[in-house]
Amino acid sequence: MKLFSIYILILFSFCAHGQDAQSLLNKVVNKMEGVTDYSANVQIIADIPLIKILPSNAKIYYKKPDKFKVVSKGIAILPKQGFTDMNAFLSSRDKYMVVFAGTKNIEGVETSLLTVIANDSDSEIILIKLWVDPLQVLIMASEITTRSSGNVKIDYKYNLQAKNGLPSNIKFTVDVKEFKMPKSFSSNPHKTSKSKGNKRKTGTIKLNISNYKVNQGIANSFFVK
Amino acid sequence: MLLKNTWNELIKILAKPRSYIGFGALTLLIGVILVAMKADGKSFISFVTASFEQTLSFNGEILNGNLMAFVILQMLIIHVPLLVALVTGDLVSGEAAMGTLRMMATKPISRSAILGSKLLAGAIYTFLLTLWMAFMAYGIGQWMFGAGDLIVLNNDGLVIIPADDIMWRYFYGFGLAYLSLLAVATMSICFSVFSDNSIGPIVSTMAVIILFTIIGSLDVSSFNSLQPFLLTTHMSSWRSLFEMPVPVDDILNSIYILLFHIIGFAAISFWRFNKKDINT
Amino acid sequence: MNETVVSVKGLKKSFKAFTAVKDVSFSVQKNDVFGFLGPNGAGKSTSLRCMLSLIKADAGEIKLFGKDIKDNRSKVLSKIGSIIEKPDFYKYLSAFKNLELLARISGSTVSKSELYDILDFVGLQGREKHKFRTFSHGMKQRLGIAQALMHNPELIILDEPTTGLDPQGIVDIRNLILKLSKEQGKTVILSSHQLSEIEMIANRMVIINKGETLIEGSVHDLLNSSNMVVKFQLDDVSRGEKLLVNEFSDVNVSKASTNELEFEIEKIRIADVAECFVKNNLRIYSIEQKRKLEDYFINMIAEG
C-alpha cells in the first residue's frame, strides 16, 4: 500500500510536471505570437573556424510565422538554423510533444528544461531543448537538433524587449565539423595552409540586437526576393 | 639621350599593331568573364560557399565588383605575361632582325642608353597594360556589379573583407601584379638581347614561365628549396594583400625576390648588349 | 697638308673560327672621296663596322677626327653619317617619322623643316608621309642617304650605296656624292667592289682582299701608272716571244698560249712592240691593253 501510494505520488508529480511543461511552453509560445513583426539593428560577431570576418552590421526583419530578411551593406553570416525555424516549429502546437526534463541555473536564474520532441519523423527539427525562466517566461537558452545541420546551441540575454520575448543578445554555437576547402582556381597554389593544428569543431556567432521596432506592420511584399 | 630614345621607343611600340593585341585580348577576356558572371555568377558563388552553407547562411551582395576584380586578376595573371612578352620580347631581337638596330647603333647614343630606353619603354608599356587590366577588372566590374564586401577563398579558409577596407588592397595588389609583369618583361628583353630573331625570346619567356609554374606547384622534395626563389611563385604575391591580417613580411619578401629578378635580368642584358657585335 | 679624318692601323677581327679582317690599314684625309675597294668577302663591311663600333675589333687602332673610337664614341659618331649594308628602317612608319626618330638621337638638333629639306635633296619630295614598306629599292637607298646627311655630318660613310640601283639611280648617287664633296666639303668614304665606280668619283682609295690591305694611294696614280698589261694575238706566238725577249729585255712575259702573248710594258712602248712584230713579218690579229691594277683587281674577283 505504501509502495502503491509512492507510485501514485510519483505518477501524479510526473503528470503535474507534464502539465506544467505544456503550460509553460504555451506561455512562451503565446508571448512569441504576440509579436507579429519586428525590425531591429544587429551587430554580428562571428568566430567560425576557417572563416575570417570582422564584426558587421545589418538590419533584420521578421514577420510571423516564418518570414525573415537580412539587409546588410556588406556580407553578413548568420546561422542557418535557430531563428524563425524554431519559432515556426513551436507555433505549430500539434506537431510536437513537450516534456519537463529538469532544472538548471543559468546566470543566477533557475530555469526549467523543456524537451520538445517532433511528432513527425520526417521533420527537419528533430528535438529542441529549451531552458525557460518560468517567472519571466523567457527562453534563456536553447539547443536545436536538426536533420541536416546538426546541433545549434543558443544563449539569450534580454533587455528592453523582454516583455515581448525579444532578446538583446543571442549567442549561437554551431557545429562546423569539417568544412572542406574546394581546391579551385580561387585558392593560392603557392601557399600551404598554416593552420594545421587545433581543429575546432564548433564556432560561435554573437548578435547584439538593438533598436527593435515591434508590430509596425511590415508588408509581405517586403520579404519577396 | 636616354629619354629621347625612350620617347622614340614608345612611338615605335605604339605604332606597331602587335602592341594592341594585349589590350584587345584583355578587353575581350575580361568582358566575357564579366558578362558570364552577370548571367550565372550565383552558381560560382555557391561553389565557393558550398561547404559552409549547410550550417551558415551568407547574406548580402557577394557577387559584387570587388569579387569580380579578384576573380579576373586571379584568372589572368598567368596569361597576361604572354601579352607582355609579345611586345617586350621583340624590342631588341625584332630590331636586330629588321636591321634597324644597326642604324641606331651607328648614332652617337651609347649601347647602355639604347638598352636602357628599351627597358624603360617596356616598363611603361607593361604599366599601361596593367592599368588597362585594373580599369577593366576593377572599374568596369564596379560599374556592372557595384561595390560590396569581398569574399576570398584562401588555403586557410574564407576571408571576408569589408568594402571600405578593399580599395587600398587593390591599389597595392595591382602594384604587385605590375612588379611581377615587369619581371617578365625584363626577362623577355634579356632573352631578346641574346637573339636575332623575333619569335625566340617570346617563346622562351613563356616556356620559362610554364616550366617554373609547374616546378612551383609540384610537391616534390627536391624542388622545395627552389620554389621560394622562383619568379612564378611570387607572381601570385598580390593575393597576400587579401588576407587578414596582411602578411607584410611575406609580401616584402616577394617584392625583394621580384626586384632581384628585375635587376638581375637587366644587369645581364646590359652586360651582353654592351659586348655584343651587331652583325645584322 | 690635309687633316687626317680617319686613321686605321693594323685592324684585326675574327668571328669564331673565321678571320674576316687580318691586317687592314689606311687613312682618309679631309675632303677626300675615299674609295674602299675589294671583292665580296674581302672584309670591307667588317672594317666599316669596326670603325663605327658596331663590332669590336680584336686588335688595331681606329682614330676618327684624331680621337680613338673606343674612348670618344659619342663625340665622334655625332660627326659621322653612314649607311652600312642596306638601309633598314621601320616598315610601319613613314619616311618622315623614320628620319625624325633617328634625328632625335643624332647628337644635334635637326628641325622638321630641315628634315623636309633633306628629303627634297635626295629626291623624295612628296613621299614624306608614305610608309617605308611602300618604297622601292632606289627610294630606300635615298632615304638611307637622307638619314646619313640630315645632321650635317663632316664624314659620310657609304657601304656600296649603288647596289641594286638602276643606271639612272647610280648616276644620281654618284652626282650626289660629288656634290657633297665639292660643294659642301664633306669627306666621303665609299666602299665598293666595282673599280669603275671608284675611279669615277674617288680621289684616293685602298684595295683590300682576304682581310688585308693590298695597296693604298691616289686613284689617278694607281690606275694611270705607266705600266700596262698588253695582250697580242699573233700567228706565231713563239717567234713573237723570242723577238720580245731579244729586243725588249726589260719586258716580262706573263702568259704565252697558242695564239696569245701577254706581257707588261710601259704604255708609250706598245707601238714599238707592234712595229717590231710587223717588221719581222708577224701577223697581229688583235691588241688588248689593260691597266695593271685593273687587271690585277679583275683577277682577284675571278679567284675570289
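How large is the direction-averaged shadow of the alpha-carbon convex hull of segment C:227-303, in nm²?
Across all orientations, segment C:227-303 yields a mean hull projection of 4.9 nm².
By how many degrees, 0 to 90 and rounded to 10, does the Cα axis of helix B:111-134 deviate from the longest principal axis of chain B?
20 degrees
Å³ per residue of the Cα convex hull, for segment C:72-202?
For segment C:72-202, the hull spanned by Cα atoms encloses 106 Å³ per residue.
Tabulate in residue order the Karplus-calculated ³J(HN,Hα) for segment B:204-213, using 6.51 cos²θ - 1.76 cosθ + 1.60 with θ = phi - 60°, rounded to whole Hz; enter x for Gly and Pro.
Here the 3J(HN,Hα) series is 4, 4, 5, 4, 5, 5, 5, 4, 5, 5 Hz.
Roughly what angle does helix C:292-303 make with the longest principal axis of chain C, taking Cα atoms, 0 to 90 degrees, to the nearest 10?
70 degrees
From largest to smallest, what semi-axes in whole angstrom does segment B:78-236 give when each is the square root of 5 times an eigenvalue of its alpha carbon gyration tensor?
35, 22, 12
For segment C:175-238, which GluC sites (Glu not before Pro) are in a loop by DSSP, counting at most 13 other Cβ atoms within 10 Å?
C:183
Can you list the equivalent-ellipsoid semi-axes of segment C:2-111, largest first and in whole Å, using the square root of 5 times each Cα gyration tensor eigenvalue?
26, 19, 13
Using only DSSP helix segments of four residues or longer, with each worth -39500 (n - 2.57), what per-residue ellipticity at 222 nm results for chain B after dividing by its residue count and rounding to 500?
Numbers: 12 runs with 185 residues, N = 280.
Mean residue ellipticity at 222 nm (helix-derived): -21500 deg cm²/dmol.
List the residues whose amide H sits under 5 Å from the amide H of residue C:157, counting only those 5 or more places along or on another chain, with H placed 1.01 Å from N in the peptide plane.
Correct list: C:81, C:82, C:83, C:189.
Which residues' amide hydrogens lie under 5 Å from the amide hydrogen of residue A:96, considering only partners 5 or more residues apart or on another chain, with H built in the peptide plane?
Amide H neighbours of residue A:96, under 5 Å, 5+ apart: A:119.
For chain C, what is the mean residue ellipticity at 222 nm derived from helices alone (per DSSP H run of n ≥ 4: -39500 (n - 2.57); sum divided by total residues; nearest 500 deg cm²/dmol)? Could you put the intermediate results ahead of the total?
Values: 11 runs with 107 residues, N = 304.
Value at 222 nm, helices only: -10000 deg cm²/dmol.
Size of the dipole of segment C:4-223 about the Cα centre, Lys and Arg at +1 and Asp and Glu at -1 on the beta carbon, nothing else charged, in debye to 20?
That gives segment C:4-223 a dipole magnitude of about 780 debye.
Just the Cα atoms of segment B:124-174, one point each, no solvent: what log10 I(q)/I(0) does Debye give at q = 0.22, 0.31 Å⁻¹?
-0.91, -1.18
Using a cut-off of 13 Å between beta-carbons, work out the net charge of the residues near residue C:57 (Lys and Arg +1, Asp and Glu -1, residue C:57 not included).
+3
Can you pick out the pairs among A:59/A:206; B:275/C:97; C:79/C:140; B:107/C:86; C:13/C:70; B:16/C:97 whose Cα atoms lie more than 19 Å from each other?
B:275/C:97; C:79/C:140
Place +1 on the Cβ of every Lys and Arg and -1 on the Cβ of every Asp and Glu in segment B:2-275, take the dipole about the Cα centre, and give the residue among B:114, B:27, B:160 whose Cα lies farthest towards its positive end.
B:114
Sorted from largest down, give the three principal axis spans of the alpha carbons of the protein assembly as shown, whole angstrom values.
For the protein assembly as shown, the Cα spread along each principal axis is 181, 55, 43 Å.
Between the helical axis of B:65-76 and the dominant principal axis of chain B, each derived from Cα atoms, what acute angle in degrees is found, rounded to the nearest 10?
Roughly 50 degrees between the two axes.
Thinking of segment B:2-275 as a set of Cα atoms, what percent of all their pairs are more than 31 Å apart?
Taking all Cα-Cα pairs of segment B:2-275, the fraction more than 31 Å apart is 33 percent.
Could you work out, residue by residue across C:48-56, how many beta carbons of other chains sit within 10 Å of that residue's beta carbon, and then give the average as an integer?
Rounded to a whole number, the mean comes out at 4.
How much net charge surrounds residue C:116 when only other residues with a Cβ under 12 Å from its Cβ are counted (Lys, Arg +1; Asp, Glu -1)?
So the surrounding residues net to -2.
List, largest first, the extents of the alpha carbons of segment B:187-280 along their principal axes, each in whole Å.
The Cα atoms of segment B:187-280 stretch 55, 25, 22 Å along the principal axes, largest first.
Residue A:36's amide H: which non-local residues (gap 5+, or another chain) put their own amide H closer than 5 Å, with H modeled 1.01 Å from N in plane and none for Pro or chain starts?
So residue A:36 has HN proximity to A:215.
Give the share of C-alpha pairs in each 5 angstrom bin for segment C:4-223, from 0 to the last occupied bin, in whole percents, shortest bins first.
1, 7, 15, 19, 20, 16, 12, 7, 2, 0
Where in segment A:84-99 does the amide nitrogen come within less than 11 Å of the point 7 Å from the Cα of residue A:22, taken along Cα to Cβ?
Taking a point 7 Å out along Cα→Cβ of residue A:22, the residues of segment A:84-99 whose backbone N falls under 11 Å are A:97-99.
List the trypsin sites (Lys or Arg not before Pro) in segment A:128-157 that DSSP assigns to loop (not H, G, I, E or B) and whose Cβ has at most 16 other Cβ atoms within 10 Å. Which are they?
Values: sites: A:129, A:147, A:153, A:157; in loops: A:147.
Those satisfying the criteria are A:147.
Can you pull the one-decimal nm distance between simple spin-label points at residue C:285 and residue A:95, each 7 Å off the Cα toward Cβ?
The two pseudo-label positions are separated by 12.9 nm.
Can you list the aspartates and glutamates whose alpha carbon is less than 18 Å from that of residue B:4, not counting same-chain residues fewer than 8 positions off?
Partners found: B:95, C:100.
What does the average come to when, for each residue of peptide B:95-106, you count the partner chain Cβ atoms lying within 10 Å of its Cβ? Before the final figure, lay out the partial values.
Numbers: counts 2, 0, 1, 4, 6, 9, 2, 10, 13, 4, 7, 16.
Going residue by residue through B:95-106 and averaging, the value is 6.
Please name which of B:125, B:81, B:51 has its Cα lying farthest along the dipole of chain B towards the positive end, using unit charges on Cβ (Lys, Arg +1; Asp, Glu -1) and the Cα centre as origin.
Most positive-ward Cα: B:125.
HN-Hα J couplings of segment C:31-46 from phi, Karplus 6.51/-1.76/1.60, θ = phi - 60°, integer Hz, Gly and Pro as x?
Values, residue by residue: 6, 5, 9, 9, x, 10, 10, x, x, 4, x, 6, x, 5, 5, 4 Hz.
Sorted from fewest to most neighbouring beta carbons within 10 Å, what does the list B:13, C:145, B:214 look like?
B:214, B:13, C:145
Tally Lys/Arg at +1 and Asp/Glu at -1 over every other residue whose Cβ is under 14 Å from the Cβ of residue C:271; what's the total? Display every interim value, and only then the final one.
Numbers: positive: C:267, C:269, C:279; negative: C:247, C:266, C:272, C:275.
Once all neighbours under 14 Å are counted, the net charge is -1.
Using a 10 Å cut-off around each Cβ of peptide A:50-57, what is the average number of partner chain Cβ atoms that fall inside?
6
Hey, how much of the P(r) for segment B:1-139 falls beyond 19 Å, as a percent of Cα pairs?
Tail fraction, whole percent: 60.
Each reported figure results from applying straightforward, stated rules to the coordinates on display, with no laboratory input. As the structure is a prediction and not an experimental result, all values here were calculated from the model. A quick note on method: Cβ atoms are made from the backbone with ideal geometry, for glycine too, and the neighbour counts reach across all protein chains shown.
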